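The structure under discussion appears below in the form of structure tokens.
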Amino acid sequence: MEPLKPASLTLRKTPPISTREFAELRRFIYDLVGIDIPERRKYLLENRLGPRILQLGLRNYSEYLMMLHHGPDKNTELKYFFTKITTNETSFFRDTKQLDVFETHVLKNVLQECEAAGNKSLHIWSAGCSSGEEPYTLGIMLHEILRMSIIGWKIQITANDLSPDMIAKAQAGLYGEYALRTTPKDVVDRYFIKETQGYKIHPKVQKLVSLGLINLNDKLAVKRVPKSHIIFCRNVIIYFDDAVKQKLISNFYDNLLPGGYLVLGHSETIHKLSRVFQPLIKPGGIVYRKST
Amino acid sequence: MNRVCTEHLTPGMILAKKVIGPDKGVVLEPGAAMTQEHIEALRTLGVSAVFVRFPAHMEPQREIERQVQEHVRNFFIFVDPDHEAFVELYRIAVQRSLKAFRDGWIIPCEEVLHAKNVEHLSDLFFKDAGEPGDIVRHEVGLASFPDIYFKIREVLDNPKSSAQDVARVVNTDVGFSAKLLKLVNSPFFGFSTTIDSVARAVSLVGVKEISTLALGISTINYFQNIPPELMDMRTFWRHSLRCAVFAKLLAAKKNLPSDRFFTAGLLHDVGRLVIFKNMPYASVEALLYARSDMVPLVEAETAVLGYNHTDVSKLLLEAWKFPAVLIDIIAHHHAPEIAHAREEAGIIQFADIMANVAEISAGGLFALPGMAQEDWKLLGLMPRELTLLINLHDEHFEEITSVLL
Ligand SMILES: C[S@@+](CC[C@H](N)C(=O)[O-])C[C@H]1O[C@@H](n2cnc3c(N)ncnc32)[C@H](O)[C@@H]1O
């Protein structure tokens with residue numbers, strides 16, 4: 001067999017995106033989901049979407065945009081599109097230091113306050129939950145704190161994401177070692193069922209979580225989410241620009257009950273965006289509180 | 001039997017060893033021709049690689065070539081696929097990886113590249129309190145920079161200094177002067193005669209050049225205590241040395257003072273060490289972000305931290321009073337268009353890219369950063385010259401490493 005000919009190797013496998021097409025696609029994505037794709041990432045976008053264009057038998061990005069705007073299957077295609085333009089890196093017990101701060105200074109207090117007020121119901125919203133590791137982690141934490149007494153509680157963890165693939169994964173609740181790499185072994189033993197196909201989240205945790213699609217850039221959709229004691233939105237706003245962040249933070253504010261808490265990703269901050277929240281600064285992490 | 005990463009599996013491949021699930025049950029029996037569903041199931045399970053046999057219609061050699069190309073392409077995902085330099089570098093990288101494969105290199109799988117437990121790391125600063133200025137001030141406050149460095153600086157600052165002055169200072173540190181002599185005597189530095197004293201080195205190479213080399217060498221010794229989970233120091237300095245080697249080669253081609261470029265290459269990422277030291281958890285997030293979003297680390301730093309290592313390098317080297325020309329090209333090696341010396345900064349930019357290419361089959365992790373057409377044109381290189389550059393690098397890299405690391 002003849003050896004590989006280097007000259008035959010090319011990097012370009014899909015049609016190039018023109019400057020105009022990129023600008024239009026960027027605008028489209030930004031207006032729709034609030035994610036801003038800078039010029040620097042043009043080729044990355046080509047790499048993500050190019051194969052799809054070939055698969056659909058389209059000639060260029062203008063045709064693809066047309067299809068997303070007006071095509072008969074535009075809703076189906078949009079779902080696929082969302083999966084392609086988002087990244088969903090996550091894991092159980094991600095940022096344990098921050099979760100410790102959350103458990104000690106937020107979760108336990110909130111539970112006590114609810115109990116003292118004679119209203120043993122709790123709503124947590126995990127906004128941008130990816131494949132479910134984050135909301136299930138919260139469910140496990142609640143089981144760990146409340147133990148048997150959890151049956152006296154009405155707990156709901158609403159978990160939403162833009163990507164239908166991710167919500168489907170969360171629904172399946174089946175995970176591999178990678179997702180569990182920072183989860184203590186005894187927790188794995190108690191809250192996961194070892195199956196042949198992977199580690200399955202225990203039904204007692206799964207039933208606390210109600211999953212669904214959401215576009216966080218859609219104000220009306222966000223308004224429909226029930227009022228929350230706590231909102232987790234970690235490693236999501238990193239993809240938004242300041243204007244979108246600001247809008248979202250203010251929608252979160254409206255969603256929170258008085259005295260409610262907002263938890264962002266380790267490197268995310270609202271310092272420059274909003275003064276309405278009271279930051280609670282602890283070694284290990286910051287959480288933001290709405291005034292009572 | 002072939003070990004194939006899950007992400008490179010294609011339907012039709014025949015499983016050669018059974019795969020066991022968490023409950024010890026059999027996920028897939030050997031002998032089964034895999035379907036798309038099987039492959040998805042292996043991904044969910046987090047299996048990083050399996051052993052397979054190729055079916056009759058798959059030519060094993062072509063199959064390996066396909067996998068290697070897929071692997072290498074991932075490194076080029078961020079760059080202009082029509083850029084002549086990157087197309088050539090892609091070809092070079094595929095050839096090198098195929099050769100490495102024949103020599104026993106194992107294609108690293110995604111799953112392995114990802115996994116690391118770093119949850120115990122804590123940052124010294126919160127996001128808003130950890131601006132480049134803050135962490136550099138903290139770093140410089142700790143400074144116990146090698147004494148020799150300051151003595152050399154004094155000599156450099158004094159316009160009246162002579163070759164003897166430099167030699168005298170360098171000679172006060174025996175280990176250090178030995179390194180310097182070994183370096184200038186290495187075939188890479190290409191002096192025809194043996195240089196047996198620092199004084200001779202200074203007169204042959206020049207006061208300025210020897211002094212900047214000395215600054216570079218003393219910096220390597222300075223950084224310790226970087227959390228090894230993030231990046232071990234050897235890997236970091238090996239990348240820096242590769243960049244130094246390429247920078248010197250590129251500069252020599254253009255008749256620029258090549259030893260200065262060697263030092264600039266050596267220190268081009270120095271700001272990253274300060275970020276690792278002061279913001280280890282944020283660094284982890286940047287590393288994760290770079291892997292998951294398939295962007296260069298510099299881009300991930302900007303997304304996660306709001307600044308990148310060049311911002312930190314600039315302030316650090318200013319605080320250490322490095323020569324301004326050196327700071328200019330180091331601080332702008334990801335944005336030559338705003339450097340005073342655009343072409344020179346472009347040399348470091350391209351040397352860094354070449355270093356990354358050389359690492360693709362030697363532990364590389366991140367997507368290559370891009371380079372503007374204008375900056376590439378300024379280098380005045382032909383794509384076909386790149387193979388020679390990489391060969392020269394291969395010839396000298398290990399020897400330079402053994403002197404300096
Ligand atoms: C990096 S993951 C973070 C997952 C999890 N919160 C964590 O911290 O591990 C970001 C998630 O945000 C989702 N996302 C991005 N833009 C969104 C939008 N406009 N509406 C809803 N979800 C969005 C993505 O689909 C992705 O799953």
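The values are calculated or read from the model by the stated rules, or taken from the named source; none is laboratory data. Quantities reported herein were computed from a predicted structural model and do not represent experimental measurements. In this analysis, Cβ positions are derived from the backbone assuming ideal geometry, glycine residues included, and neighbour counts consider all displayed protein chains. The area values use the complete protein model at the heavy-atom level, side chains included, leaving out ligands, DNA and RNA. Shrake-Rupley method; radii C 1.70, N 1.55, O 1.52, S 1.80 Å.
Observations
- Computed E for B:Ala56/B:Arg102 - FRET, C-beta separation, R0 25 angstrom, nearest 0.05: 0.60
- For the range B:279-374, the fraction of C-alpha pairs farther apart than 19 angstrom is 47 percent.
- For the range A:32-149, the spread of Cα coordinates along the three principal axes comes to 63, 30, 22 Å, biggest extent given first.
- Long-range HN-HN contacts of A:Gly198 with modeled amide H, under 5 Å: B:Asp23
- A viscosity of 1.306 mPa s and a temperature of 10 °C, combined with the Kirkwood radius over C-alpha pairs in the Stokes-Einstein formula, give the range A:7-85 a diffusion coefficient of 122 µm²/s.
- In terms of overall dimensions, the protein assembly as shown has a Cα radius of gyration and Dmax of 27.6, 89 angstrom.
- Distance violations [Cα-Cα > 26 Å] among A:Lys42/A:Lys79; B:Lys208/B:Lys321; B:Lys179/B:Lys321; B:Lys179/B:Lys208; B:Lys248/B:Lys314; A:Lys108/A:Lys169: A:Lys108/A:Lys169
- The trypsin sites (Lys or Arg not before Pro) of the range B:304-405 that DSSP puts in a loop, and whose beta carbon has at most 15 other beta carbons within 10 Å, are B:Lys321.
- Summarising the strand pairing of the protein assembly as shown, around 55 percent of its internal DSSP beta bridges are antiparallel.
- Residues A:Glu115 and B:Ala319, FRET efficiency given R0 of 60 Å [Cβ-Cβ distance, rounded to 0.05]: 0.65
- Solvent-accessible surface ranking, highest first, for A:Arg224, B:Arg260, A:Arg20 at 1.4 angstrom: A:Arg224, A:Arg20, B:Arg260
- Compared with the rule-of-thumb size 2.2 N^0.38 Å for a compact globular protein, the range A:207-284 has a Cα radius of gyration ratio of 1.10.
- Alpha-carbon centroid distance for the pair the range B:340-368 / the range A:215-280, whole angstrom: 39
- Among A:149-155, A:11-17, the order from most to least packed when residues are scored by Cβ within 10 Å on average: A:11-17, A:149-155
- Ratio Rg/Rh, restricted to the range A:96-290 and using Cα atoms, in which Rh is the Kirkwood radius: 0.94
- For the range A:231-245, putting each phi into the Karplus relation 6.51 cos²θ - 1.76 cosθ + 1.60 with θ = phi - 60° gives couplings of 10, 9, 9, 10, 6, 10, 5, 4, 8, 9, 8, 4, 4, 5, 4 Hz, in residue order, rounded to whole numbers and with x for Gly and Pro.
- The range A:138-278: relative contact order as a whole-number percent, Cα under 8 Å and 6+ apart: 23
- Average other protein chain Cβ within 10 Å of Cβ, residues A:4-16: 5
- In chain A, the calculated helix contribution to ellipticity at 222 nm averages -12000 deg cm²/dmol per residue, counting -39,500 (n - 2.57) for every DSSP H run with n ≥ 4.
- Qualifying trypsin sites (Lys or Arg not before Pro) in the range B:18-79, where qualification requires a DSSP coil assignment and no more than 12 other C-beta atoms within 10 Å, comprise B:Lys24.
- A:Phe277 sits among other residues whose Cβ lies under 10 Å from its own Cβ, and their net charge, with Lys and Arg +1 and Asp and Glu -1, is +3.
- Prolate/oblate/rounded label for the range A:104-218 (Cα gyration tensor, a/c 1.5): oblate
- What the Cα convex hull of the range B:1-57 gives, in volume per residue, is 69 Å³.
- Computed from the Cα positions only, the extents of chain B along the three principal axes stand at 79, 49, 40 Å, in decreasing order.
- A simple rule links phi to the HN-Hα coupling: the Karplus curve 6.51 cos²θ - 1.76 cosθ + 1.60 with θ = phi - 60°, which for the range A:167-173 gives 5, 5, 4, 4, 4, 5, x Hz, with x for Gly and Pro.
- Radius of gyration over Kirkwood radius for the range B:144-222, both on Cα atoms: the Rg/Rh ratio is 0.94.
- Mean accessible surface per residue for the range B:144-222, computed with a 1.4 Å probe while every protein chain stays in place, in Å²: 47
- Sites B:Asn391 and B:Asn171 - FRET efficiency at Förster radius 41 Å, r taken between beta-carbons, to 0.05: 0.70
- With contacts taken as Cα pairs under 8 Å at a separation of at least 6 residues, the range B:1-57 carries a relative contact order of 51 percent.
- Amide hydrogen proximity for A:Leu280: with H placed 1.01 Å from N in the peptide plane, the residues at 5 or more positions away or on another chain lying under 5 Å are A:Val287, A:Tyr288, A:Arg289.
- Each residue was assigned an accessible area with a 1.4 Å probe, and for A:Asp242 the value is about 90 Å².
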